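The structure under discussion appears below in the form of structure tokens.
The values are calculated or read from the model by the stated rules, or taken from the named source; none is laboratory data. Everything numeric in this text was worked out from a predicted model, so none of it was measured. When we count neighbours, we look across all protein chains shown, and the Cβ atoms used for this are built from the backbone with ideal geometry, even at glycine. These accessible areas exclude ligands, DNA and RNA; they are computed on the full protein's heavy atoms, side chains included. Shrake-Rupley method; radii C 1.70, N 1.55, O 1.52, S 1.80 Å.
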Amino acid sequence: MYRIYKNDFCCLIYTLMVDLIISYHNSNNIKGEVSMLKERNKIIASVFCIVFTFAVSIYSLEDIVCYKNNSINQEEIRVENKTKTNLKEGIAVKSDGKEVAILQKEEEIKKLIDRVKAQYIKNSSPKEIEDIRLKSKITYYKTKVSADELKGIEYYASSIVNGHDGNMSIKFNIKEKDSKNKPPILSRGTVSSGFGERWGRMHNGIDIAAPLGTPIHCVSSGKVIYSGWEDGYGNVIKIDNGNNMVTIYGHCSKLIAKKGSSVKKGEKIGEVGSTGRSTGPHVHFEVRKNGVPQNPEPYLK
């Protein structure tokens with residue numbers, strides 16, 4: 001409405017000026033003024049009209065630009081308000097102060113860390129893990145986010161694992177088991193006879209030759225069901241390992257584990273000897289499942 005009134009006002013001024021010029025022109029004819037004065041006044045009036053018309057045009061153009069800018073600003077406000085109404089509750093997760101993920105729920109934080117930890121272990125390739133602990137400081141807070149920012153656990157786990165320069169933004173401390181202090185499995189020595197046919201008959205276990213008195217260690221945890229003398233085996237220890245499996249250690253010079261006791265993997269249960277049907281110091285080791293002899297070698301790894 002303001003623009004209409006202003007334009008009408010400009011047109012009115014313009015009309016009055018034209019009427020004034022015409023009246024002045026007619027007056028000059030009636031009074032018979034000097035020709036030079038008449039021509040000068042006409043030129044002055046014409047220039048004034050042109051200047052005034054140009055000024056009005058510029059002023060109207062500024063109004064149009066201002067109106068257009070106001071329309072753009074109003075549109076931006078509408079878009080911004082619409083975006084705000086589409087925001088959702090989210091959980092922003094930080095590692096050592098750096099934002100690494102935006103999740104939907106707090107429960108997803110543990111899942112994210114577990115995914116990253118699994119990949120961290122795979123990348124580190126430790127031989128045997130004794131302990132693994134989170135090294136980075138994890139913090140989080142609730143925030144409003146757009147739906148596009150909620151990309152899911154898998155996306156952020158991959159982003160963390162494949163971080164800048166190959167460095168993960170969530171780190172862990174891995175402690176490997178000390179293999180030097182690990183108790184030997186079964187006994188130190190060399191395999192002198194394997195599982196299978198031997199001398200025309202079945203050899204139900206393996207023989208490990210070792211010096212007399214060499215420690216014999218439990219291969220698999222369980223309960224001792226027999227510790228004593230038995231023909232052929234000499235001094236023998238039999239352990240029930242559960243799941244219908246029994247392990248047998250024969251030709252011992254000394255029996256340490258007693259019947260009814262529980263023993264753990266790696267625990268010393270006896271010493272190498274040459275008792276029973278034996279041609280020299282060694283330990284005879286058998287594995288039986290449901291009473292059927294099995295190849296013991298896989299159980300020694």
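Key figures for this structure:
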{"item": "Backbone HN-Hα couplings from phi across region 211-217 [Karplus 6.51/-1.76/1.60, Hz, Gly and Pro as x]", "result": "x, 4, x, 5, x, 10, 10"}
{"item": "Amide proton proximity set for S192, modelled H, under 5 Å, gap of 5+", "result": "D207, I208, A209"}
{"item": "Stretch gain in nm, segment L150-K254, where the contour uses 0.36 nm per residue and the Cα spacing is subtracted", "result": "30.8 nm"}
{"item": "Ranked order, I121, I109 - accessible area, probe 1.4 Å, largest first", "result": "I121, I109"}
{"item": "Length added when fully stretched, E106-D240, from 0.36 nm per residue minus Cα-Cα", "result": "43.6 nm"}
{"item": "Ranking by accessible area, most exposed first, for D148, D131 with a 1.4 Å probe", "result": "D148, D131"}
{"item": "Long-range amide H partners of I216 with built H, under 5 Å", "result": "I269, G270, E271, V272"}
{"item": "For S146, residues with placed amide H under 5 Å, excluding near neighbours", "result": "K88"}
{"item": "Where labels lie 7 Å past Cα in the beta-carbon direction, separation of I138 and K175 in nm", "result": "2.0"}
{"item": "Heavy atoms of D240 accessible to a 1.4 Å probe, total area in Å² rounded to 10", "result": "70"}
{"item": "Gyration tensor verdict on region 179-301 (Cα atoms; rounded if a/c is under 1.5, prolate if a/b is larger than b/c, oblate otherwise)", "result": "rounded"}
{"item": "Calculated from backbone phi, Karplus (6.51, -1.76, 1.60) coupling profile of region 275-282 in Hz, x at Gly/Pro", "result": "7, x, 7, 9, 9, x, x, 6"}
{"item": "Area accessible to solvent at L134, 1.4 Å probe radius, in Å²", "result": "80"}
